[in-house]
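S.K.: Here it is, the structure in full.
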Amino acid sequence: QAVSGGFVQTYNRGRKAVKRAFKTDSASDFHEWRKRVKYHTHHLRLLRPLWPQVNEAWQMESKDLADILGEDHDLAMLDALLESEDESLAGDKTRKRLQKIIQKEQRRLRGEAWEIGQRLHAEKPKALKKRWERYWHAWQASAN
């Protein structure tokens, strides 16, 4: 119960975070989603013994998603830096060109994040909990 409660809670927060990120299109909301994905990945590591092959695939997808969202965040920080600096960092024309490139790359990254996120967050939390509880019971039975 102690593990499943936290596992399901972080999963559910991730589901909410992805919806919020795509609703607001805010860099901070995409960063928040990344943090939720990373928490979920840590929980998956704890549950690895229950079914290693399934868990490893899920962890890889989760890590890929966190990496993509990390790149998105790095680009958002670069964009903010370009926006806040005067022309000593980049002239107006160069800054605008860079920001267009950043926006294009963020759209690509967010498209990839959406695809992976839809798979990782497909199940409703109660269904996910029941499924992993069944894995737990099967693992316990095989350990005895």
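The values are calculated or read from the model by the stated rules, or taken from the named source; none is laboratory data. Worth saying up front: this structure is predicted, and the values here are computed from it rather than measured. No Cβ is skipped: glycine too gets one built from the backbone with ideal geometry, and neighbour counts run over all protein chains shown. In case anyone asks, the SASA skips ligands and DNA or RNA and just uses the protein heavy atoms, side chains included. Shrake-Rupley method; radii C 1.70, N 1.55, O 1.52, S 1.80 Å.
S.K.: Would you pick out the residues in segment 125-144 that are open to solvent by 100 Å² or more (accessible area, probe 1.4 Å) and either over 21 Å from LYS19 (Cα atoms) or at pLDDT 95 or above (or both)?
M.R.: LYS130, ARG134, TRP136, HIS137, ASN144
S.K.: Also: Whether any residue in segment 102-110 is touching a residue at least 40 places away in the same chain (Cβ under 8 Å), within 17 Å of the chain's Cα centre (by Cα) and surrounded by 12 or more Cβ atoms within 10 Å (Cβ to Cβ) is what I want to check.
M.R.: yes
S.K.: Going residue by residue through segment 11-19, is there one that turns out to be under 16 Å from the mean Cα position of the chain (by Cα), open to solvent by 50 Å² or more (accessible area, probe 1.4 Å) and at positive phi?
M.R.: no
S.K.: Test ARG97 against the criterion of being open to solvent by 80 Å² or more (accessible area, probe 1.4 Å) and closer than 24 Å to LEU47 by Cα, and give yes or no.
M.R.: no
S.K.: Something else now. Do you know which residues across segment 44-72 are touching a Phe, Trp or Tyr at 6+ places or on another chain (Cβ under 9 Å) and open to solvent by 40 Å² or more (accessible area, probe 1.4 Å)?
M.R.: LEU46, PRO49, TRP51, VAL54
S.K.: Please go through (1) more than 15 Å from VAL18 (Cα to Cα); (2) outside any helix (DSSP H, G or I) for LYS100 and return the number of the only condition it doesn't satisfy.
M.R.: Here LYS100 meets the rest and fails (2).
S.K.: Can you tell me which of THR10, THR41 is in a helix (DSSP H, G or I) and under 24 Å from ARG108 (Cα atoms)?
M.R.: THR41
Yes/no per residue for (1) under 26 Å from SER142 (Cα atoms); (2) free of Cβ contacts under 8 Å to residues at least 60 places away in the same chain; (3) assigned to a helix (DSSP H, G or I):
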{"site": "GLY6", "(1), (2), (3)": "yes, yes, yes"}
{"site": "GLY14", "(1), (2), (3)": "no, no, yes"}
{"site": "LYS23", "(1), (2), (3)": "no, yes, yes"}
{"site": "ASP29", "(1), (2), (3)": "no, yes, yes"}
{"site": "ARG34", "(1), (2), (3)": "no, yes, yes"}
{"site": "GLN53", "(1), (2), (3)": "yes, yes, yes"}
{"site": "ALA57", "(1), (2), (3)": "yes, yes, yes"}
{"site": "SER62", "(1), (2), (3)": "no, yes, yes"}
{"site": "ALA66", "(1), (2), (3)": "no, yes, yes"}
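S.K.: Which residues, taken from segment 68-97, are within 26 Å of the chain's Cα centre (by Cα) and in a loop (DSSP other than H, G, I, E, B)?
M.R.: none
S.K.: Out of all the residues in segment 49-57, is one or more at pLDDT 95 or above and farther than 19 Å from GLU123 by Cα?
M.R.: no
S.K.: Would you check which residues across segment 20-56 are charged (D, E, K, R) and either out of contact with any Lys or Arg (no Cβ under 8 Å at 6 or more places or on another chain) or on the phi > 0 side of the Ramachandran plot (or both) and list them?
M.R.: Passing the criteria: ARG20, LYS23, ASP25, ARG34, LYS35, LYS38, ARG45, ARG48.
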